[in-house]
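The values are calculated or read from the model by the stated rules, or taken from the named source; none is laboratory data. None of these values were measured; they are calculated from a predicted model. Cβ placement follows ideal geometry from the backbone for every residue including glycine, while neighbour counts extend to all protein chains displayed. The area values use the complete protein model at the heavy-atom level, side chains included, leaving out ligands, DNA and RNA. Shrake-Rupley method; radii C 1.70, N 1.55, O 1.52, S 1.80 Å.
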Amino acid sequence: MIATLNKTSTEVLSESCHRYDTQIHRRTTRTVMVGDVSIGSDHPVRVQSMINEDTLDIEGATSGIRRLHEAGCEIVRLTVPSLAHAKAVGEIKSLLESTYQSVPLVADVHHNGMKIALEVANHVEKVRINPGLFVFERPDPNRKEFSKEEIKSIGETIKERFEPLVKLLRDQNKALRIGVNHGSLAERMLFRYGDTPIGMVESAMEFIRICDSLDYHNIVISMKASRAPVMLAAYRLMADTMDKEGFNYPLHLGVTEAGDGDYGRIKSTAGIATLLSEGIGDTIRVSLTEAPEKEIPVCYSILQAVGLRKTMVEYISCPSCGRTLFNLEEVVKKVREATSHLTGLDIAVMGCIVNGPGEMADADYGYVGKGPGVIALYRGREEIKKVPEEEGVNALIGLIKEDGKWIKPS
């Protein structure tokens, strides 16, 4: 209290402004290249997804990758559960490049997958491993504890099996995702830390330290959980732990197994958007029980909502009230249908003059109810003209065209 009293009002105001800064200050990370796509704090937050076709289905998998990429997915993952699948990825890569274009691919490798990982690493830009399953032993229900000797022995086995992959990726300048899942922690981690964010972080750090000892740093980390609070705690702790130990690796965000429909989208947004707003996260995936390409619009909507990527029109509209002078829901729909193909604009549709100009002050264009049957069009804060309601949408389009910001719908 005394310290506060000794400060000038300017100093107190300056501190308050900093505390409530609306700009996102991203955690500083190194750049990791996945093919020609860069991940890290100096680059846009990247959008990822995963095909659901069997990788042995060469044509089907290639089509799935293409659909995702055309929908805006920048990095595509595919599952590689066997050596045959790993070899099939090479054929997929060739078919993709001969019939479409090169797309950065990530191979998902799980149980005891060293041979698989070494084969598939030759065909993809990034390999994802799960520390809890990389050296996988079936849990012993009768086990009461792990001795220090057992823990040391397992650690040595992990390093021995992991080193060849790390060296191959390092020498080929390819990327690795160390992807920890809350639901698949190794048995010794569960015994020591429980099914907790601490156990998730320690699981990742064990593999990070091995990579560091081999001078390999082209790494991205993920800490996924199916419950947003667990996911949030794990990523925050992971970021803090890495920063304290001098590891500035990018983070891949996601709420795994989020489900479908509105709830799946809300659940994913609760986790991903919260962390992005805190400056944590460099690439994201929304995991829905739906066609993979349906995940992409959700990713871009999250990024636009928190102000990290602007890929569509930002619509600002009031919830309507007794002062509203037209059918707001219907007009918003008409405005959206006419302008949704544009990018980088903020368009406000407000029901009345009471809140309209103030609430939409940051918009590029405004469509405001001025009186019964009359619409006022704004450019920024300036009222440009009044038109009859039935001419409102066309007049708005005309204003955008005057400013040279209109493009024809494809």
Would region 157-164 turn up any residue that is open to solvent by less than 60 Å² (accessible area, probe 1.4 Å), of a type in the set (F, W, Y) and at pLDDT 90 or above?
yes
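When only residues in region 268-301 that are among the charged types (D, E, K, R) and free of Cβ contacts under 8 Å to residues at least 40 places away in the same chain count, which is least open to solvent (accessible area, probe 1.4 Å)?
Taking the candidates together, the pick is E290.
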Within region 302-311, considering residues that are in contact (Cβ under 8 Å) with a residue 12 or more places away in the chain and of a type outside the set (A, V, I, L, M), the one nearest to V45 (Cα to Cα):
R309
State whether the residues of region 292-314 include one that is farther than 23 Å from V34 by Cβ, part of a loop (DSSP other than H, G, I, E, B) and more than 17 Å from the chain's Cα centre (by Cα).
yes
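Rundown of residues vs (1) modelled with pLDDT of 90 or more; (2) exposed (fewer than 15 other Cβ atoms within 10 Å of the Cβ), yes/no style:
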residue	(1), (2)
G344	no, yes
D364	yes, no
K386	yes, yes
I400	yes, no
Do you know which of the residues in region 146-203 that are among the hydroxyl-bearing types (S, T, Y) and within 30 Å of A258 (Cα to Cα) is farthest from the chain's Cα centre (by Cα)?
Y193
So R67 passes all but one of these: (1) outside any helix (DSSP H, G or I); (2) more than 16 Å from A175 (Cα to Cα); (3) open to solvent by 30 Å² or more (accessible area, probe 1.4 Å); (4) in contact (Cβ under 8 Å) with a residue 40 or more places away in the chain. Which condition number does it fail?
(1)
Just checking, how many residues over region 361-380 are of a type in the set (K, R) and either closer than 16 Å to E314 by Cβ or in contact with a Phe, Trp or Tyr (Cβ under 8 Å, 6 or more places away or on another chain) (or both)?
1
